[in-house]
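Visitor: Before we start, here is the structure in question, set down as structure tokens.
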């Protein structure tokens with residue numbers, strides 16, 4: 001079959017991103033030809049500012065060097081501007097006469113700077129700020145001239161002004177509006193920004209309209225721009241002067257979608273090339289993405305939406321046709337080193353909105369949150385943008401913030417993101433970090449490493465950064481910091497992933513929520529069936545999605561779906577905990593933390609017999625036998641089993657331990673028999689798999705010696721019964737458990753706890769701890785199911801007990817069943833004999 | 001040239017699973033893919049020496065259980081952007097049995 005021909009007009013970030021996405025989805029579907037007016041491969045236009053500021057070079061910002069096109073079989077015409085589309089003959093024609101036929105055409109012609117229609121706009125020394133050529137000219141002029149004027153106090157203008165200042169020029173920013181960046185900032189934040197930029201030596205003239213640019217007549221500037229003249233404002237004082245010197249004028253007064261080519265081909269344009277939700281123009285063979293496009297009446301000028309459009313367009317070009325672009329919520333980050341500024345969504349407020357404001361001018365911090373109907377719709381942050389990514393996520397997800405409204409202003413964890421986090425020395429503000437400050441404590445990654453990788457590798461997403469640097473890829477506690485670094489390095493191009501809709505992994509476009517729901521609704525029972533029905537992109541998934549699918553299947557269809565050991569992480573397949581040297585650890589079960597002299601003797605015997613190098617107490621108050629060879633595991637379990645002991649689930653996404661204090665059995669303060677309660681709970685939950693690990697604790701009185709306040713379920717005995725707390729976490733990020741309800745009897749503790757855990761098992765996403773699950777669905781949702789609705793509670797509890805019945809002791813299976821035991825056996829070969837024969 | 005050594009029956013390796021063979025050249029991991037191809041790699045991740053045999057097998061790749069490096073089964077190479085290579089051993093299937101050649 002003849003390959004179809006795809007022609008792309010525009011070799012910029014949107015067009016090439018669409019090509020890259022298309023190559024990922026359908027590498028062999030098209031012969032692809034790209035036209036680019038500039039003489040370079042695709043480069044990262046956003047990073048022209050750091051190039052101007054002298055922090056990077058042009059080579060650093062090339063995203064697709066010319067070799068990339070050749071490697072991917074993409075034909076590239078550089079330096080050729082397409083001037084005509086012949087829609088009847090389905091071909092495009094360039095300025096130099098080059099013709100290319102197309103089956104489908106993608107327009108990514110970008111935008112053109114708006115040039116003020118004033119006298120002198122054509123003079124040498126008057127430029128816009130759009131491409132490498134403009135940047136080179138600014139750098140060259142800065143070396144020979146003194147006075148620069150930037151017209152336009154928006155994002156681009158300020159970055160240009162900052163760069164020219166750093167290159168040694170005397171810079172004045174002229175702005176028509178009463179405050180800077182009025183499209184991204186409210187006045188209070190803009191005034192703080194202005195003060196801080198003035199401290200760096202920039203000058204500002206606000207509410208000034210330029211009337212003309214003046215031609216120089218002196219020896220050094222003949223024929224070149226030499227000054228800028230304003231229109232006299234009403235009430236003008238002649239003493240103020242109407243002219244300022246200008247050897248270089250940068251017009252940064254906005255951009256206009258470049259629709260000239262589309263209009264000449266009679267494609268419908270209205271403030272941009274009009275496209276539908278699959279990025280098609282009124283001629284369905286012709287697509288358009290990027291700054292040249294008007295989608296639902298909006299033309300976007302930041303990169304993040306363009307990437308979303310590119311992805312949808314590629315999906316449609318690949319004949320998948322399932323993706324739709326429905327518009328973007330925007331966020332902005334000014335890329336001026338040392339200034340921390342963030343805005344997102346509707347930050348100006350308006351009818352029906354409330355504003356929550358924190359203003360500390362001396363401290364240099366200003367925050368405004370705009371709330372409408374209990375959802376966050378916009379935010380402006382100045383001086384402390386640590387929570388920017390979190391707020392942006394709330395805006396994009398339109399999450400109900402009713403429950404957290406009272407402390408929303410104080411960030412993700414009441415009083416600053418990072419409270420309870422560890423691993424990066426308590427730092428929460430990336431902007432103040434030095435380049436050699438360690439950000440990721442797990443993998444030893446410093447801020448400078450991350451910034452370098454983002455710039456040199458052209459990274460735009462958190463996942464990219466994780467893959468290339470390993471930062472935030474282990475425990476994730478530094479994710480907030482990494483996101484901040486990403487946001488300040490790539491500015492408006494940064495998009496936090498939408499947590500609710502994020503695909504499980506690269507094998508599918510479906511989110512955890514959709515996959516769970518589909519498995520339930522379609523009664524899917526095996527991993528191949530689920531992958532087939534949901535059109536997985538890889539033949540058998542990966543190490544991320546297979547364990548998730550396996551969990552969703554067995555938790556949704558207990559007794560029907562069969563567990564797949566090959567889709568479990570090794571610990572759950574081998575029923576022991578792998579260590580760095582490939583040996584395993586065994587933690588014999590001690591129900592509720594109780595043991596006997598006889599059991600201790602068995603453990604001691606096992607430790608000696610198998611030469612266990614390390615014996616220690618675990619965090620859950622059990623005994624850990626570390627350094628056991630895999631081939632010895634069944635023997636260890638056989639010895640433990642012979643003494644009536646079972647091993648423990650100290651390794652799985654499962655019930656771990658129930659920690660207890662001595663309680664009323666012995667303690668003079670104890671009000672409830674906490675050890676007994678703990679044993680009952682641990683026995684009830686034996687063999688329970690869950691989205692993530694589950695830890696419980698039972699304390700006999702409010703002194704809470706079992707530390708129940710940081711457990712997934714914490715039970716605290718009081719004289720009149722028990723208080724139940726849920727969704728605590730003592731790990732990566734300390735989270736205090738929240739009060740669920742009070743109950744009277746042991747039976748109620750079991751029923752309420754079981755119902756809560758079953759709800760989590762049914763609704764939680766794989767690898768989502770209870771604290772994250774409850775943060776996502778809200779404690780009210782949990783209470784409605786577990787506390788306020790007795791029938792639902794009973795149903796949940798019964799489903800849990802049903803799923804847990806007939807759980808087979810996996811350790812004895814490994815001892816007794818040859819097929820299972822094989823997993824533990826090393827194959828020995830007759831190597832010497834073979835060599836002799838050879 | 002060394003001879004082929006018969007190691008085990010194909011059935012003794014689970015689909016998408018692996019077995020470890022002890023040899024004079026160190027532990028060798030034998031992997032069986034979902035479509036019943038078999039590959040042999042030195043059982044040591046090029047990253048930090050993790051036992052690749054204990055990883056999850058998917059497609060032509062195994063993910064190391066220690067830190068999630070993905071290693072190609074055909075060539076032993078880490079999947080980009082990670083770098084590194086695990087030594088390959090020649091493996092063939094013949095008459096329902098798995099054969100290994102020590103290099």
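Coordinate-derived values only; no laboratory data. It should be emphasised that the depicted structure is a prediction, and the values quoted were computed from it without experimental measurement. Quick reminder, even Gly has a Cβ in these numbers, built from the backbone with ideal geometry, and neighbours come from all protein chains shown.
Visitor: State the antiparallel share, in %, of DSSP beta bridges confined to region A:126-253, rounding to the nearest 5.
Guide: On the way: 8 of 24 bridges.
DSSP beta bridges in region A:126-253 are roughly 35 percent antiparallel.
Visitor: Let me ask another. Could you put A:590, A:675 in order, starting from the residue whose Cβ has the fewest other Cβ atoms within 10 Å?
Guide: Starting with the residue having the fewest Cβ neighbours, the order is A:590, A:675.
Visitor: How large is log10 of I(q)/I(0) for region A:678-756 at q = 0.19, 0.22, 0.24 Å⁻¹ when the intensity is taken from the Debye formula with one equal scatterer per alpha-carbon?
Guide: One equal scatterer on each Cα of region A:678-756 leads to -0.76, -1.02, -1.20.
Visitor: What is the helix-to-structure angle for A:13-25, meaning the angle in degrees between its Cα long axis and the longest Cα principal axis of chain A, kept from 0 to 90 and rounded to the nearest 10?
Guide: 40
Visitor: Follow-up question, since we're still on this one. If each residue of separation counts as 0.36 nm, what is the full-extension length gain between residue A:402 and residue A:532 once their alpha-carbon separation is subtracted? Walk me through the intermediate numbers first.
Guide: Values: separation 130, 0.36 × 130 = 46.80 nm, distance 3.98 nm.
Contour length minus the Cα-Cα distance gives 42.8 nm.
Visitor: Across the Cα atoms of region A:655-804, what radius of gyration and what greatest pairwise Cα-Cα distance (Dmax) are found, in Å?
Guide: Answer for region A:655-804, Rg first and Dmax second: 14.0, 42 Å.
Visitor: With a/c under 1.5 counting as rounded, go ahead and sort region A:331-493 into rounded, prolate or oblate using the C-alpha gyration tensor (a ≥ b ≥ c being the square roots of the eigenvalues; past the cut-off, prolate if a/b is larger than b/c, else oblate).
Guide: prolate
Visitor: Answer rounded, prolate or oblate for the protein assembly as shown, using the Cα gyration tensor with square roots of eigenvalues a ≥ b ≥ c: rounded when a/c is under 1.5, else prolate when a/b is larger than b/c, else oblate.
Guide: Judged from the Cα gyration tensor, the protein assembly as shown comes out prolate (a/c at least 1.5, a/b above b/c).
Visitor: Something else about it: Obtain the nm distance between the two label points defined at residue A:596 and residue A:320 by a simple spin-label model: each point lies 7 Å from its Cα along the Cα-to-C-beta direction.
Guide: Roughly 5.9 nm, to one decimal.
Visitor: Let a ≥ b ≥ c be the square roots of the eigenvalues of the Cα gyration tensor of region A:530-578; is it rounded (a/c under 1.5), or, if not, prolate (a/b larger than b/c) or oblate? Could you put the intermediate results ahead of the total?
Guide: Working: a/c = 2.87, a/b = 1.31, b/c = 2.19.
The shape class here is oblate.
Visitor: While we're here: Out of the DSSP beta bridges found with both residues in chain A, what percent are antiparallel (nearest 5)?
Guide: 60
Visitor: Round to the nearest 0.05 the FRET efficiency obtained for residue A:268 and residue A:170 when R0 = 45 Å and r is the Cβ-Cβ distance.
Guide: Result of the calculation: an efficiency of 0.45.
Visitor: Another question, then. Just counting partner chain Cβ atoms within 10 Å, what average do the residues of peptide B:54-67 show around their Cβ?
Guide: 6
Visitor: Can you pull the one-decimal nm distance between simple spin-label points at residue A:358 and residue A:182, each 7 Å off the Cα toward Cβ?
Guide: 2.9
Visitor: Please give the residues of region A:548-587, grouped as numeric ranges, whose backbone N is less than 15 Å from a label point set 7 Å along the Cα-to-Cβ vector of residue A:618.
Guide: Taking a point 7 Å out along Cα→Cβ of residue A:618, the residues of region A:548-587 whose backbone N falls under 15 Å are A:571-579, A:584-587.
Visitor: Which whole-number percent is the relative contact order of region A:655-804 (Cα, under 8 Å, 6+ apart)?
Guide: Relative contact order comes out at 19 percent.
Visitor: Moving to a separate point now. For chain B, what log10 I(q)/I(0) values come out of the Debye formula at q = 0.10, 0.21, 0.24 1/Å, with one point per alpha carbon and no solvent?
Guide: -0.23, -1.02, -1.30
Visitor: Sorted from fewest to most neighbouring beta carbons within 10 Å, what does the list A:646, A:357, B:62 look like? If you can, show how the numbers build up before the last one.
Guide: Working: A:646 17, A:357 13, B:62 28.
Listing A:646, A:357, B:62 from fewest to most nearby Cβ atoms yields A:357, A:646, B:62.
Visitor: By count of other Cβ within 10 Å, fewest leading, how are A:636, A:826, A:743 ordered?
Guide: Neighbour counts put them in this order, fewest first: A:826, A:743, A:636.
Visitor: Given points 7 Å out from each Cα along the Cα-Cβ axis, report the residue A:523 to residue A:260 separation in nanometres with one decimal.
Guide: Rounded to a tenth, the inter-label distance reads 6.3 nm.
Visitor: State the extension gain, in nm to one decimal, for the chain segment bounded by residue A:502 and residue A:745, taking 0.36 nm per residue of separation less the distance between their alpha-carbons.
Guide: 83.3 nm
Visitor: Computed FRET efficiency, Cβ-Cβ of residue A:84 and residue A:563, R0 51 Å: what is it to the nearest 0.05? The partial results should precede the final answer.
Guide: Details: r = 63 Å, r/R0 = 1.23.
The formula returns an efficiency of 0.25 here.
Visitor: While we're on this one: Return the calculated 222 nm mean residue ellipticity for the protein assembly as shown, to the nearest 500 deg cm²/dmol, obtained by summing -39500 (n - 2.57) across DSSP H runs with n ≥ 4 and dividing by the residue count.
Guide: Taking each H run of at least 4 residues, the total per residue is -8000 deg cm²/dmol.
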